[in-house]
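The values are calculated or read from the model by the stated rules, or taken from the named source; none is laboratory data. Every value quoted in this text rests on a predicted model; they were computed, and no experiment measured them. Cβ atoms come from the backbone with ideal geometry, glycine included; neighbour counts cover every protein chain shown. With ligands, DNA and RNA removed, areas are computed over all heavy atoms of the protein, side chains included. Shrake-Rupley method; radii C 1.70, N 1.55, O 1.52, S 1.80 Å.
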Amino acid sequence: MTLNNRHLVDPNDLTLDELHQIIDLGLKMYENPKAYREICKGKILGTLFYEPSTRTRLSFESAMLRLGGTVLGFSDANTSSAKKGESIADTIRVLDDYADILVMRHPREGAPRLASEFSTVPIINGGDGGHQHPTQTLTDLITIQKYRGSIENLKVAFCGDLLFGRTVHSLLKTLSRFPNISFVLVSPPELKIPYHLRDELLQEYKVEIIETSSLDEYLPEIDILYMTRIQKERFFNEEDYIKLKDSYILNKDKLKKAKEDLLILHPLPRVNEISYDVDDDPRAKYFDQAKLGIYVRMALMALLLGVA
Ligand code: NCD
């Protein structure tokens, strides 16, 4: 099966081979972008953003423009007919005639899956509620591949809001399928990963998991540290957020105990979970990660559109 004309709603829609195919092409595009600058000439990307975004939307736009295509869309649900009560199904039935590929971000979990059932063009999930964010996962994986040389034999720590963080959920599920990966899940007790995900990781993927509230204790032994912000918008009340918002702050001093070849990742935006004094540490790769996100989205769209 090829990737041509497929949807990407959940990272598990892709096999390991397909993940590698997208990452490898993304790295080629990163090394030699000029070779690909016309392959999407005449193609239109539609961006349907019902929730705020900076990197995901703009990296998709940048990616399509760098492939020679064009972009249309909205970045605020209030300016679309959703505000008038239009259903996702109706919106998609129309927009799949306006664009050749669609990326959708929605606060409701499952919205992109629903869209994919009505769309005649590829639908890409740009993040649905606290559920999944497969293209951030591709971004994370290409960064690991580039800076570690492979995606295997790694102890990966996730730190912060593991309950609501969709980037965490997607990456955990996906990394579990790579060889010899184990996890250290660092969060306050209130923000541990959802039970169903924990069961899935343990029973289906049989990965090793340590759940802890102490980052310091495990920092010396981990290979990748995936920091995340506390997801303010998904809390039911402000008080709980305020209580938890500064649970973890990574700084230069704490990093003294970490491995020399640690990779520090963050999907961004950062609030205050990584202090600015970490940014010039060679192990901090979150801005490189954001940049690689353009190239992996270029690769993904080129493959879904059948032009690469
Ligand atoms: C993430 C998201 O939207 O889930 N941002 C992103 O796409 N890079 C992470 C976040 O908002 O914390």
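Check LEU202, LEU215 and return the single one that is free of Cβ contacts under 8 Å to residues at least 12 places away in the same chain and in contact with a strand residue (DSSP E or B) (Cβ under 8 Å, 6 or more places away or on another chain). Give the derivation first.
Values: LEU215 fails: free of Cβ contacts under 8 Å to residues at least 12 places away in the same chain.
Being free of Cβ contacts under 8 Å to residues at least 12 places away in the same chain and in contact with a strand residue (DSSP E or B) (Cβ under 8 Å, 6 or more places away or on another chain) holds for just one of LEU202, LEU215, which is LEU202.
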Boolean, TYR276 is at pLDDT 95 or above, touching a Gly at 6+ places or on another chain (Cβ under 6 Å) and among the hydroxyl-bearing types (Ser, Thr, Tyr)
no
Pick out, from segment 92-187, the helices (runs of 4 or more DSSP H) lying fully within it that include 3 or more residues that are within 16 Å of the ligand (Cβ to nearest atom) and either open to solvent by less than 10 Å² (accessible area, probe 1.4 Å) or on the phi < 0 side of the Ramachandran plot (or both).
134-148, 166-175
Return yes when ASN5 is within 15 Å of ILE124 (Cα to Cα) and either in a loop (DSSP other than H, G, I, E, B) or touching a His at 6+ places or on another chain (Cβ under 6 Å) (or both) and no when it is not.
yes
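Residues are listed down the side, and each one gets a yes or a no for (1) closer than 26 Å to LEU58 by Cα; (2) touching an Asp or Glu at 6+ places or on another chain (Cβ under 8 Å); (3) free of Cβ contacts under 8 Å to residues at least 12 places away in the same chain:
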| position | (1), (2), (3) |
| --- | --- |
| ASP100 | yes, no, no |
| GLU109 | yes, yes, no |
| PRO112 | yes, yes, no |
| PRO134 | yes, yes, no |
| THR137 | yes, no, no |
| TYR147 | yes, yes, no |
| SER150 | no, no, yes |
| LEU172 | yes, no, no |
Regarding TYR218, is this residue more than 30 Å from PRO107 (Cα to Cα) and surrounded by 14 or more Cβ atoms within 10 Å (Cβ to Cβ)?
yes
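Only residues that are outside any loop (DSSP other than H, G, I, E, B), open to solvent by 60 Å² or more (accessible area, probe 1.4 Å) and either among the aromatic types (Phe, Trp, Tyr) or modelled with pLDDT under 95 (or both): list them for segment 53-89, please.
ARG55, ASN78, THR79, LYS83, LYS84
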Scanning segment 255-287 for residues that are out of contact with any helix residue (DSSP H, G or I) (no Cβ under 7 Å at 6 or more places or on another chain), of a type outside the set (A, V, I, L, M, F, W, C) and part of a helix (DSSP H, G or I) gives TYR276, TYR286
Mind checking whether some residue in segment 275-287 is within 12 Å of the ligand (Cβ to nearest atom), surrounded by 23 or more Cβ atoms within 10 Å (Cβ to Cβ) and in the same structural domain as LEU163 (by TED's automatic domain parsing)?
no
Of everything in segment 226-274, what is open to solvent by 40 Å² or more (accessible area, probe 1.4 Å), farther than 29 Å from ARG148 by Cα and either more than 21 Å from the chain's Cα centre (by Cα) or not assigned by TED's automatic domain parsing to the domain that holds HIS169 (or both)? Give them in sequence order.
PHE236, ASN237, GLU238, GLU239, ASP240, ILE242, LYS243, LYS245, ASP246
Is it the case, given these coordinates, that GLU38 is open to solvent by 50 Å² or more (accessible area, probe 1.4 Å) and not assigned by TED's automatic domain parsing to the domain that holds LEU268?
yes
Keeping to segment 215-269, report how many residues are within 16 Å of the ligand (Cβ to nearest atom) and of a type in the set (S, T, N, Q).
3
In the same structural domain as ASP199 (by TED's automatic domain parsing), within 20 Å of GLU221 (Cα to Cα) and under 15 Å from the mean Cα position of the chain (by Cα): is that true of PHE178 in this structure?
no
